[in-house]
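Remarks on the structure that follows.
The values are calculated or read from the model by the stated rules, or taken from the named source; none is laboratory data. All values reported here derive from a predicted model rather than from experimental measurement. Backbone-built Cβ (ideal geometry, glycine too); neighbour counts: all protein chains shown. These area figures cover heavy atoms from the full protein model, side chains too; ligands, DNA and RNA do not enter into them. Shrake-Rupley method; radii C 1.70, N 1.55, O 1.52, S 1.80 Å.
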Amino acid sequence: MTTETQATAAASGAGATARFRENKKFAADASQERVATLAGRVIKAINETVLEERVSYDEYNAFKAWLIQVGEDGEWPLFLDVWVEHSVEEVANANRHGSKGTIEGPYYIPNAPTLRTPATLPMREDEPGTALLLQGQVRNTAGEPLLGALIELWHADDRGFYSQFAPGLPEWNLRGSIVADEQGKFQISTVQPAPYQIPTDGACGALISAAGWHAWRPAHLHVKVSAPGHQLITTQLYFPGDQHVDDDIASAVKPELILVPTERAGGNGREVTYDFILDPED
Ligand code: MBD
Ligand code: FE
């Protein structure tokens, strides 16, 4: 059996913060005018809230203490990806004609093991959960198959835990980079992920309980799909009937991203077909 235990906010937050610092590029060359505009608007929005809501010193100090705690728990990636990234993604992908994108979230890790289709994601011998076969084709916006397409897939396990962000899981559990065939087709065997509850023991969890919100994301598969000469798409796929599809804490569900799986013959889990359409590079 598994030795997996509840991921703590401090452990998954520290991991997400370290990963972000390693992998992301920053707009360090933003103009003075742009910085003044953006920082000025955020500060103004906070001040307007204070004045309109008649915020007290007790409330101001609670806010200050909470901001400090978010940093100490390493939860800035979590906070931003849950409550802000969806708007950034909306702006970034506004002009795409191909598949819908959605947020990346805090748990992507580049360079997962490369597998050829038909592939099985790395998993434990006794990986719990319902078998799931994800298959489809990568095409361009003219409907032509894309040779050399790559599908990076990562997701939580049957208990809602991500490898490298929860203890007790093999390094690349349920993470892989799948090379599609000459027709852009892919077949990937994995297990159905569970809904994901963001850590409740850190600063983000404290905010959620103080506000009376819930901490859940619907079960989801994360994917990045790319092909030479085309724009990479980062997206997620969801499952119908999930309680949180209409109520995602991260506001990242779109109707086009909800899968329609069917039961496989012989009680052999479920399968689903989903095609990805990539926009040309601009
Ligand atoms: C996740 O798994 C996730 O996808 C997002 C957006 C935020 C927190 C955890
Ligand atoms: Fe996720």
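Here are the numbers for this structure:
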quantity: Dipole of region 91-278, positive direction: furthest Cα of Leu259, Pro128, Pro228, with charges on the beta-carbon; calculated: Pro228
quantity: Computed [θ] at 222 nm, helices only, for the chain once each DSSP H run of length n ≥ 4 contributes -39500 (n - 2.57); calculated: -8500 deg cm²/dmol
quantity: Helical segments meeting 15 Å axial Cα length and Kyte-Doolittle 1.0 threshold in the chain (DSSP H); calculated: none
quantity: Carbon + sulfur, % of accessible area of the chain - ligands and nucleic acids excluded, 1.4 Å; calculated: 54
quantity: Listed residue (Ala194, Leu278, Ile178) projecting farthest to the positive dipole end of region 91-278, Cβ model; calculated: Leu278
quantity: Whole-number percent relative contact order across region 1-85, with pairs defined as alpha carbons under 8 Å at least 6 apart; calculated: 67
quantity: Residue pairs, from the table Lys24/Lys44; Lys224/Lys254; Lys100/Lys224; Lys25/Lys100; Lys185/Lys224, whose Cα atoms sit over 18 Å apart; calculated: Lys24/Lys44; Lys25/Lys100
quantity: Dipole moment magnitude, nearest 20 debye, the chain about Cα centre, only Lys, Arg, Asp, Glu C-beta charged; calculated: 360
quantity: Trypsin sites (Lys or Arg not before Pro) restricted to region 209-280 and DSSP loop, no more than 14 other C-beta within 10 Å; calculated: Arg264
quantity: Average accessible surface area per residue within region 140-217, 1.4 Å rolling probe, Å²; calculated: 38
quantity: Protection proxy ranking of 208-217, 104-113 - average other beta-carbon atoms within 10 Å, highest first; calculated: 104-113, 208-217
quantity: For region 124-199 and region 1-77, distance of Cα centres in Å; calculated: 29
quantity: Per residue, in Å², the accessible surface of region 1-112 once ligands and nucleic acids are set aside, probe 1.4 Å; calculated: 70
quantity: Distance histogram for the chain (every C-alpha pair counted, 5 angstrom bins, percent rounded to whole numbers); calculated: 1, 5, 10, 15, 17, 17, 13, 9, 6, 4, 2, 1, 0
quantity: Dipole axis of the chain (+1 Lys, Arg; -1 Asp, Glu on Cβ), positive-most option in Thr8, Tyr60, Gly40; calculated: Gly40
quantity: At most 12 other Cβ within 10 Å, DSSP loop - trypsin sites (Lys or Arg not before Pro), region 54-131; calculated: Arg54
